[in-house]
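First the structure, in the form of structure tokens, and then the observations on it.
FYI, it's all coordinate maths here, none of it is from the lab. All figures in this text were calculated on a predicted structure; none of them were measured in a lab. Methodologically, a virtual Cβ is constructed for each residue, glycine included, from the backbone with ideal geometry; neighbour enumeration extends over all protein chains shown.
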Ligand code: GDD
Ligand code: MN
């Protein structure tokens with residue numbers, strides 16, 4: 001049995017030595033390697049090199065100078081570079097006990113599965129190591145939401161957000177993955193039907209250092225969930241919808257304050273154009289951006305498009321107001337809906353092409 005243990009790391013220097021030691025001990029009798037995929041700014045690479053020098057099994061390091069896709073991107077880079085097809089993905093902070101590796105392998109070797117999920121929520125599993133009650137609640141809630149959104153694919157999976165699992169690389173299409181942030185297993189399971197089974201495990205306390213989970217990761221998670229399930233269009237629609245509400249609110253407030261219709265529409269449009277661009281960059285097209293330096297060029301295209309749209313939309317809206325005697329809010333609402341579809345096509349085909 002050959003296995004690559006993929007460990008994504010971000011500033012885990014104090015945990016590396018113990019991890020290598022415990023993974024080596026847990027893989028005695030297998031042909032195993034440890035592959036660190038590291039985005040650290042601390043001494044993790046040096047710690048890996050030191051541990052590799054005395055380790056009982058091969059230890060490799062990929063250090064990414066220009067990391068993309070966060071934790072998920074690191075895992076995908078690991079899947080590409082792994083020496084063996086059977087890969088185990090686990091965290092570098094020892095919250096995933098290396099002693100469970102034989103359990104995952106045993107289950108895989110019994111056959112008929114592509115993925116073995118180490119679950120905190122099945123059988124004797126436990127999420128105690130999540131430390132505080134808020135995180136446990138958030139984790140349970142988002143797990144329930146996720147399962148509700150993928151009722152068939154996740155039928156037999158109690159913990160689609162775990163970072164501890166075995167995957168046979170031959171069963172997945174690595175090139176089709178668009179990882180972003182923490183939930184790489186969810187993406188694997190959502191993209192295509194796989195044969196999945198679970199083994200319970202106890203999520204341990206962090207060995208050293210602090211978690212990299214954050215509100216920002218949480219927002220990325222919801223963005224990923226929506227776009228995996230309903231496609232990018234839906235996420236674009238949610239942000240566009242929010243923008244339209246803000247737009248109408250501004251028009252309404254300014255109209256009430258006695259500001260002229262056209263001026264109100266322009267102010268409202270410019271505010272939402274800026275807000276929408278920031279949200280789109282962050283959440284909708286984040287996996288399609290070629291690089292961060294192009295942000296101004298994307299902004300220029302998006303800004304030019306939206307202002308052209310505005311130039312067309314204002315006279316049409318004004319015409320609707322005068323011929324049909326609509327209120328400025330209603331007329332703006334109608335033209336915003338039409339503009340939305342055109343805008344989505346332009347952004348996905350031109351701005352983020
Ligand atoms: N290469 C790389 N790049 N590694 C990263 C990055 C990154 O941007 N961000 C985090 N990591 C590494 C950490 O160094 C650690 O080894 C592992 O990914 C998990 O990160 P933690 O910061 O320890 O996350 P956690 O313990 O809060 O979250 C765990 O539980 C979640 C479910 O509640 C992880 O197992 C998640 O994968 C899991 O979804
Ligand atoms: Mn952790």
### Task
Per DSSP H run of at least 4 residues, take -39500 (n - 2.57); add these up for the chain, divide by its residues and hand me the 222 nm value, nearest 500 deg cm²/dmol.
-17000 deg cm²/dmol
### Message
Between 228, 242, 189, where does the largest GNM mean-square fluctuation fall for the chain, given springs only between Cα atoms within less than 10 Å?
### Response
242
### Message
If I take every Cα pair under 8 Å that is 6 or more residues apart in the chain, average their sequence separation and divide by the length, what percent do I get for the relative contact order?
### Response
16 percent
### Message
On a full-extension model of 0.36 nm per residue, what is the gain between residue 325 and residue 80, subtracting their alpha-carbon distance, rounded to one decimal in nm?
### Response
82.0 nm
### Estimated FRET transfer efficiency when R0 is 30 angstrom, pair residue 263-residue 342 (beta carbons, to 0.05)
0.80
### Query
Where in the stretch 261-286 does the label zone of residue 311 land, with the point 7 angstrom along Cα→C-beta and an amide N cut-off under 20 Å?
262-274
### Summary
In the stretch 2-229 the DSSP beta bridges are antiparallel at a rate, in percent to nearest 5, of 25 percent
### Query
Helix 295-324 sits at what angle to the longest principal axis of the chain, using alpha carbons and giving 0 to 90 degrees rounded to 10?
40 degrees
### Task
Note the angle between two axes, namely the Cα long axis of helix 232-256 and the longest principal axis of the Cα atoms of the chain, as a number of degrees from 0 to 90, rounded to the nearest 10.
40 degrees
### Pairs of Cα atoms farther than 27 Å apart, the stretch 167-296, %
42 percent
### Estimated inter-spin distance, residue 169 and residue 50, nm [label 7 Å along Cα→Cβ]
3.0 nm
### Message
Full-extension gain between residue 126 and residue 204, please, as 0.36 nm times their residue separation minus the C-alpha to C-alpha distance.
### Response
27.2 nm
### Task
At a temperature of 37 °C and a viscosity of 0.692 mPa s, determine how fast the chain diffuses translationally according to Stokes-Einstein, using the Kirkwood radius over alpha-carbon pairs as Rh; express D in µm²/s, rounded to the nearest whole number.
145 µm²/s
### Message
Between 251, 312, 76, where does the largest GNM mean-square fluctuation fall for the chain, given springs only between Cα atoms within less than 10 Å?
### Response
312
### Task
Using only Cα atoms, find the angle between the long axis of helix 261-279 and the longest principal axis of the chain, and express it within 0 to 90 degrees, rounded to the nearest 10.
10 degrees
### Task
Could you check the simple spin-label distance between residue 349 and residue 212, using points 7 Å along Cα→Cβ, in nm with one decimal?
3.8 nm
### Message
Strictly greater than 25 Å: what percent of every Cα pair in the stretch 230-350 meets that?
### Response
24 percent
### Contour excess over end-to-end distance, with Cα ends at residue 252 and residue 141 and 0.36 nm allotted per residue
36.3 nm
